[in-house]
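Written below as structure tokens is the structure these notes are about.
Read-outs: derived from the displayed coordinates by stated rules, not from any lab. This is a predicted model, so every value here is computed, not measured. Heads up, the Cβs are rebuilt from the backbone with ideal geometry, glycines too, and the neighbour counts pull from every protein chain shown.
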Amino acid sequence: MATRLRDNRKTEEIRNSVRETELQVSNFIYPLFIEEANNIKKEIVSMPGIFRYSLDRIHEELDEVVALGIKSVILFGIPINKDAEGSESWNDDGIIQKAIRYIKTNYPTLLVIADVCFCEYTDHGHCGVLCDHDVDNDLTLVNLRKQVLAQARAGVNMVAPSGMMDFAVREIRDELDKNGFQDIIIMGYSVKYCSSYYGPFRDAADSAPSFGDRRTYQMDPANRNEALKEAQADIDEGAEILMVKPALSYLDIIRDLKNNFDLPIAAYNVSGEYSMIKAAGNNGWIDDQKVMMETLLSIKRAGADIIITYHAKEAAKILNK
Ligand code: PBG
Ligand code: ZN
């Protein structure tokens, strides 16, 4: 006799007891945009509900984050001063170093993650040092060491290099270890595609490239085997967590990593993915709260243990009910 599969869907109780995937607030990492300025709480036009804060007002956001049970935040800085190399990113008094110190002092239980890149700090908006109109990999590695060391001295718990430079994880692991920061976690943006879904983020962080695009360092969206090579490289170089970014158009890649590697897998539910749900919801075309939960669930079902998402607060409110 064939199984009657509908039997296990009959009541809420049976559905709950056989559910294969469940979201938890502890899966979420919430991104924060911190601007070097005073008295700023400015909504990002293309990301309704997401704000840029200055440090003197970030407590408004953090109090809510902590009250909702969210345990981790990832920080993006918007500095006043930009230059060709992004040297503000390794200033001990730079905006992200100040933010790390502030959060670890006032919210000691929060896990503080720093994005490690240069596009928010360079006057040209590319993710490293330029040479002949392209990012020079090995010159950028030298500066990556300086940036993570400044973040480590400020007290960061985890660093997440997002620039797709070859050997970034190796260099960062070495710099951290030789300075006594062996227990800082490295979450590699191992598989980061060159995606148009980052558009709203670049408005939020003032980090759009002033010329060209990022195709010489971020991955071609057509490539799947290459994702395994990128992930393996990060493992060999000492990463503790692997990330896939974006999430939704790359659920197959999340699953590939889950099936092939045994490190925790993170997925970045990026700005454009957030904006699309918000825009359709605000037009009354979809129920954005339900679509949000279905979307987050699909990312977890695909294999992500950790989800970096702008929806974290809203989703936590629903999960905490
Ligand atoms: C910086 C960085 C970007 C994102 C995270 N870190 C932008 C980019 O690569 O252009 C995108 C995040 C998002 O879209 O939400 N390298
Ligand atoms: Zn960058």
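Pairs of Cα atoms nearer than 8 Å and 6+ residues apart set the relative contact order; for the chain it is 18 percent.
Reported value for the chain: 152 Å³ per residue, from the convex hull of its C-alpha atoms. When the Cα gyration tensor is reduced to axis lengths a ≥ b ≥ c, the ratio a/c is 1.5 or higher for region 6-102, and with a/b above b/c it is classed as prolate.
Where Rh denotes the Kirkwood radius from the mean inverse Cα pair distance, what is Rg over Rh for region 115-200?
On the way: Rg = 13.0 Å, Rh = 13.4 Å.
A ratio of 0.97.
When N is the residue count of region 130-259, what does its C-alpha Rg come to as a fraction of 2.2 N^0.38 Å?
The value comes to 1.07.
Its DSSP H runs of at least 4 residues, each contributing -39,500 (n - 2.57), put the calculated 222 nm mean residue ellipticity of the chain at -11500 deg cm²/dmol, to the nearest 500. For the chain, the antiparallel share of DSSP beta bridges with both residues in that region comes to about 10%. Distance between the modelled labels on L130 and L111, one decimal in nanometres: 3.7 nm (7 Å Cα→Cβ projection).
Computed from label points 7 Å out along Cα-Cβ, the spacing between D138 and L297 is 5.1 nm. Taking amide H positions as modeled 1.01 Å from N, with prolines and chain starts lacking one, the residues under 5 Å from I307 and 5 or more places away or on another chain are F28, I29, A267. Extending 7 Å from the Cα toward the beta-carbon at both V45 and S17 defines two label points whose distance is 5.4 nm. For H59, H311, the sequence from fewest to most other C-beta atoms within 10 Å is H59, H311. Each residue in E22, E35, E64, E171 was given a count of other beta-carbon atoms within 10 angstrom of its own, and listing them fewest first yields E22, E64, E171, E35.
In this calculation the C-beta distance from S249 to M1 is compared with R0 = 35 Å, giving a FRET efficiency of 0.30. Residue order for F118, F28, F261, F33, fewest other beta carbons within 10 angstrom first, comes to F261, F33, F28, F118.
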